[in-house]
Amino acid sequence: MVDIVYLGHSAFLLESSKGKILIDPFITGNPLASAPKDLKPDLILVTHAHGDHLGDAIEISKKTRAPVHSTFEIANYASSKGAKSIDGHIGGTLVMPFCSVKIFPALHGSSVDGISSVGIACSFVISTDGKAIYHAGDTALFGDMKLIGEEFKIDMALLPIGGHYTMGIDDAVRATAMLNSKFVIPMHYNTFDPIRADPEEFRRKVESKTRAKCIILRPGDRYRLV
Ligand code: NI
Ligand code: MN
């Protein structure tokens, strides 16, 4: 059983029986964020260095000593700013006592100031309490999502639907099909004007074209994956 708490944008807190995993914690400066003040994660995952994903990760790591896990250069960047970090890279798996995390590609950039690239963007499959959760980060649709769906029995896919910088609704439906996920939660929409999207349109399309059930969360909402 894993509780999935949506903090807004692409930020999630996964609460399993043994540990808490925080992903892409963009809270400060996010007009739609809803997050507890005393986040105490055991692990922080960052898909790429853009401000709306790296977000508060470094500050939270400094405060709680939870390590930031990401691709090699992003993890090193976080530690250069005072965070604790665990590096990794695409294709590798981090095994922790309470979860394992495999890093997969994402088709996206990873700059810190909009110009200077730090490492490359990624996505994650997080396995904990017998569940497999895919967090796509920011990405376009790519065909190797099919391989992820073949390797893991994905219980939950967290997918961007906002378009403009990432895949939009129709590509997210195709991603859900390739991942063959049981459930899907849309993310990365409506935070800013260019990424306006209707999650109900995504629900209608994804539930008619795939086996997935769509769960729409508002920031602060919690979904229990059993
Ligand atoms: Ni981005
Ligand atoms: Mn983004």
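Numbers below:
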| read-out | value |
| --- | --- |
| Filter on Lys62/Lys102; Lys20/Lys84; Lys18/Lys81; Lys102/Lys213; Lys146/Lys213 - keep pairs with C-alpha separation over 21 Å | Lys62/Lys102; Lys18/Lys81; Lys102/Lys213 |
| Diffusion constant of the stretch 25-68 at 4 °C, which comes from Stokes-Einstein with the Kirkwood Cα-pair radius and 1.567 mPa s, µm²/s | 122 |
| Per-peptide average of other Cβ atoms within 10 Å, ordering 98-107, 132-141, 38-47, 214-223 highest first | 132-141, 38-47, 98-107, 214-223 |
| Accessible surface of the chain, 1.4 Å probe, proportion on carbon and sulfur as whole % | 53 |
| Whole-Å semi-axes of the ellipsoid equivalent to the stretch 149-226 (Cα gyration tensor, √5λ, descending) | 20, 15, 11 |
| Convex hull per residue volume in Å³, alpha carbons only, for the chain | 104 |
| Cα-Cα P(r), the stretch 1-85, percent of pairs per 10 Å interval | 20, 55, 23, 1 |
| Given charges at beta-carbon only (K, R positive; D, E negative), |dipole| of the stretch 87-198 in Debye | 260 |
| Average Cα contact separation per residue, the chain, under 8 Å, 6 or more apart, as relative contact order % | 18 |
| Tail fraction, Cα-Cα pairs, the stretch 52-103, threshold 16 Å, whole percent | 38 |
| Distant-in-sequence amide H partners of Ala197 (H built 1.01 Å from N, under 5 Å) | Asn190 |
| Nearest-20 debye value, the stretch 105-157 charge dipole, Cβ charges on Lys, Arg, Asp, Glu | 80 |
| Placed amide H near Ser85: partners under 5 Å, 5+ positions off or other chain | Val68 |
| Cα Rg, Dmax, the stretch 54-166, angstrom units | 14.3, 40 |
| Dipole in debye (nearest 20) - the chain, about Cα centre, beta carbon charges: Lys, Arg +1; Asp, Glu -1 | 620 |
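The values are calculated or read from the model by the stated rules, or taken from the named source; none is laboratory data. It should be emphasised that the depicted structure is a prediction, and the values quoted were computed from it without experimental measurement. When we count neighbours, we look across all protein chains shown, and the Cβ atoms used for this are built from the backbone with ideal geometry, even at glycine. For the accessible areas, the whole protein counts, side chains as well, though only heavy atoms, and no ligand, DNA or RNA atoms are used. Shrake-Rupley method; radii C 1.70, N 1.55, O 1.52, S 1.80 Å.
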